[in-house]
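In what follows, a single structure is set out as structure tokens and then discussed.
The values are calculated or read from the model by the stated rules, or taken from the named source; none is laboratory data. Values in this document were obtained by computation on a predicted structure and should not be read as measured data. Heads up, the Cβs are rebuilt from the backbone with ideal geometry, glycines too, and the neighbour counts pull from every protein chain shown.
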Amino acid sequence: MPLPNPFFNTQHAPIGAHASLTLGFPGPKGGMDLELCRAPGQSVLVALESSAQPGVFEALPFTELPHDAERKRFANEEAAAATARVQLLPPAAVSRDFQLATDTWRAGDLRFSLFTPVRRIPDLERLRPQEELAARRALVPAVRAEVEVDNRQGRHTRRLVVGFTRIDPVRGLRHLCADGGVVGVGDGLHMGLLTDAPGARSFIGFHPLGSIDDPHAELNRKAMLGPWGALVFEVPAGERRTLRLAWCFHRPGVVTSGLPARYYYTRWFDSVESVGAYALSDFEEAVSACRRADSELQARALSDAQQFTVAHTTRSYLYSTQMLEHEGAPLWVVNEGEYNMINTLDLAADHALYESQHHPWVIRNLLEQYARRHAYEDTLHFASSGETAPGGIAFNHDMGAHGHFAAPGHSAYELAGLTGVFSYMSTEELLNWVLCAGIYVHSSQDLAWLGQRAELLERCLFSLEQRDHPDDRQRIGVPRADSSRCAGGREITTYDCLDASLGQASGNTYIGGKAFAAGLVLQRLFLQVDRQADARRAQRLAQRAAATVAASAGADGRIPALLQGSGDAVILPVIEGLAYAWFGGCRDALALDGEYAAYLAALKRHMADQVLREDTCLFPDGGWRITSTSSNTFPAKVYVCQFVAREILRMDLGALGARADEAHARWQMHPEHSVHCWTEQVDNGIAFAARYYPRGVSSNVWLTEERPQG
């Protein structure tokens, strides 16, 4: 679909650097972001001198028009007057071509393109010498850019200015230079814009065009006061030139606490200058890789709305990633968007759907981090009877926040004594660890790791059985206990801010669906290491969960959100767990005419007769609700459920699906709220919370579908 609003922010982010050049929203709302987790609010200037009016520079609309207020504090008005001036191009004069790895704006004789690296990271834990170059290319903390100026019809040399306003809160702007004729402007010590274009010069001052007509430019070019930094280029009449730039990031030394770690890229780069020199020297290969990524997405049988969603969500995920190094070993982190929690486990299963297609080893890295540092032995409490029982192993919600790793066995999020947001998610995180293990083993075929972790997987199975009921004769396959860490509160789910239809974990059919998936995954894993008895226990878990959820359906086909309790909520994610079993290698078990046919038929009827209705889970614009009792929906989870409906339950969504995809895309291009890039929580079409969020990368499951999209 044509972009209904081309002026939305997106991240142009090198993988593993927690950095971005965020751009696309009008005004000073984008800029360079290093671990900031929000739109920086920086002016980004891309201005070309007019062919008709020399001295007038026409700028893309990502800046605030400069004013002389700051300079006039230090100079008289005559000295403050600037000959050249900037005017913003009207929105109608600017077009945008938004792709997975390239983002291009055109206006008259100007083309400005940014290249976001979408690449695979070699297994750094088992890195072979011949993979060193691929690792460096994947992890160089830079975003390349091209600016093409077509002055073939011009009668005079036209000047181009590319720059920004200072954003570093402590240090000012500085001039950069590196080997190979590379020059640039740095914002503090850790961010900068560099180029290797012959004849380019850097400028720092109180006005972005302050040096353009300076008669003493050569003497004054090294000045360092003022809020504007820029690179200045010249394109002679009769020529068309393409200029190469790199927006670069570099954070040296230890960047975390609790578990001291450095960025992995510091093995190769010691400064912004060295990053820029490398990024420019390897420019053509990087741009070619981006164009290949674009072509691969374009070749898929996805609608325009779906392609937009995949591109936009992948960028937000890339921004949130950190490839760190602790005691010489790689340490993978995905931060939770604006909340900035470390490796949030209730997001990890959705991230794994993408990672399994690109670099599954990072799933193993995360699983090991949780197993070694953020697992604990739990005790259970059954609210219905007041009984307690041993719970077995559980995992934390996260590993910390804002670069600070939490103490072992604890998280930044979870608090005792609560029944809603910030309570414990012990059951959901246990399920997610198991499901991630299944996805990893199936995508990597790493049976050696599976053998090493078989005992831990058996402990996970025991814990799931106990959370159902300590007495095998009373088990139903659906967890019904709360962690004693809740201390009188109740466990919650990843849908923590919703009502009880999805917020409460105990007896929830959404959790029951994940338990079913975990049973299938564990059965398959145990069979692969010849643990037959454990495989039979896991199979019973799946069988019980399927039977319980299917039997709960009413005469109208509605599967209740909670097995016990009142309410007539209709929930979408009761089908969600099937996706993780599918990518965990359990596809045969999900055949519609197979062992679990009755369960799958019940889910399919629930979807068709209850969910996909305007009086339950469809918004007026066609977008999908997570639950009929809340206007707050989670698009990343909707993407997974759309996949399940089409690919596993074999539902023909047709126009209903296409309308939903277009609505979901429009939500992220809202003319006011799209400043925050891809956003996970949307209330009645308004993106309002969980900004800069990584989980939307779950949309990449659409790329694996065998059938044409609805």
Here the residues within region 137-165 that are in a strand (DSSP E or B) and under 17 Å from residue 315 (Cβ atoms) are 142, 143, 144, 145
Tally up the residues in region 477-506 that are more than 30 Å from the chain's Cα centre (by Cα) and more than 20 Å from residue 416 (Cα to Cα), please. 2
Looking at this structure, is residue 195 polar (S, T, N, Q), modelled with pLDDT of 95 or more and touching a helix residue (DSSP H, G or I) at 6+ places or on another chain (Cβ under 9 Å)? yes
Matching residues in region 600-616 (surrounded by fewer than 24 Cβ atoms within 10 Å (Cβ to Cβ) and either hydrophobic (A, V, I, L, M, F, W, C) or within 13 Å of residue 553 (Cβ to Cβ) (or both)) number 10
Of everything in region 417-443, what is over 24 Å from residue 453 (Cβ atoms) and touching a Phe, Trp or Tyr at 6+ places or on another chain (Cβ under 7 Å)? Give them in sequence order. 422
Residue check: is residue 655 crowded, with 20+ Cβ neighbours inside 10 Å and of a type in the set (Gly, Ala, Ser)? no
Being in a helix (DSSP H, G or I) and either surrounded by fewer than 18 Cβ atoms within 10 Å (Cβ to Cβ) or not acidic (Asp, Glu) (or both) narrows it down to one of 242, 266, so name that one. 266
What is the number of the single condition among (1) at pLDDT 95 or above; (2) part of a loop (DSSP other than H, G, I, E, B) that residue 497 does not meet? (1)
Hey, does region 198-209 have a residue that's in contact (Cβ under 8 Å) with a residue 60 or more places away in the chain, surrounded by 18 or more Cβ atoms within 10 Å (Cβ to Cβ) and more than 37 Å from the chain's Cα centre (by Cα)? no
Is there a residue in region 138-147 that is more than 21 Å from residue 22 (Cα to Cα) and not small (Gly, Ala, Ser)? no
Being assigned to a helix (DSSP H, G or I) and closer than 30 Å to residue 316 by Cβ, is that true of even one residue in region 615-634? no
Being under 20 Å from residue 355 (Cα atoms), assigned to a helix (DSSP H, G or I) and touching a residue at least 24 places away in the same chain (Cβ under 8 Å) narrows 574, 640 down to just 640
Among (1) modelled with pLDDT under 95; (2) surrounded by fewer than 17 Cβ atoms within 10 Å (Cβ to Cβ), there is one condition residue 260 misses while meeting the rest; what is its number? (1)
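Which of the residues spanning region 297-306 are surrounded by fewer than 23 Cβ atoms within 10 Å (Cβ to Cβ) and in contact (Cβ under 8 Å) with a residue 60 or more places away in the chain? Steps first, answer last, please.
Initially, region 297-306 is screened for residues surrounded by fewer than 23 Cβ atoms within 10 Å (Cβ to Cβ), giving 297-305.
Selection gives 297, 298, 300, 301, 302, 303, 304, 305.
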Go through region 246-262 and report how many residues are touching a Lys or Arg at 6+ places or on another chain (Cβ under 7 Å) and either part of a loop (DSSP other than H, G, I, E, B) or under 30 Å from residue 232 (Cβ atoms) (or both). 3
Could you please find all residues in region 322-353 being of a type in the set (Ser, Thr, Tyr) and surrounded by 24 or more Cβ atoms within 10 Å (Cβ to Cβ)? 344
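Quick grid of which residues meet (1) surrounded by fewer than 24 Cβ atoms within 10 Å (Cβ to Cβ); (2) in contact with a strand residue (DSSP E or B) (Cβ under 9 Å, 6 or more places away or on another chain); (3) outside the structural domain of residue 579 (by TED's automatic domain parsing); (4) not in a helix (DSSP H, G or I):
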residue	(1), (2), (3), (4)
501	no, yes, no, no
521	no, no, no, no
537	yes, no, no, no
543	yes, no, no, no
547	yes, no, no, no
557	yes, no, no, yes
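Yes/no matrix, rows are residues, columns are (1) at pLDDT below 95; (2) part of a loop (DSSP other than H, G, I, E, B); (3) outside the structural domain of residue 336 (by TED's automatic domain parsing):
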| position | (1), (2), (3) |
| --- | --- |
| 21 | no, no, yes |
| 28 | no, yes, yes |
| 39 | yes, yes, yes |
| 45 | no, no, yes |
If a residue has to be buried (at least 20 other Cβ atoms within 10 Å of the Cβ) and acidic (Asp, Glu) to count, how many in region 141-194 make the cut? 1
Only one of 205, 172 is modelled with pLDDT under 95 and more than 30 Å from residue 320 (Cα to Cα), namely 205
Taking the residues in region 372-395 that are part of a strand (DSSP E or B) and of a type in the set (A, V, I, L, M) as candidates, determine which candidate is nearest to residue 410 (Cα to Cα). 375
Considering only residues of region 675-702 that are at pLDDT 95 or above and aromatic (Phe, Trp, Tyr), which is nearest to the chain's Cα centre (by Cα)? 693
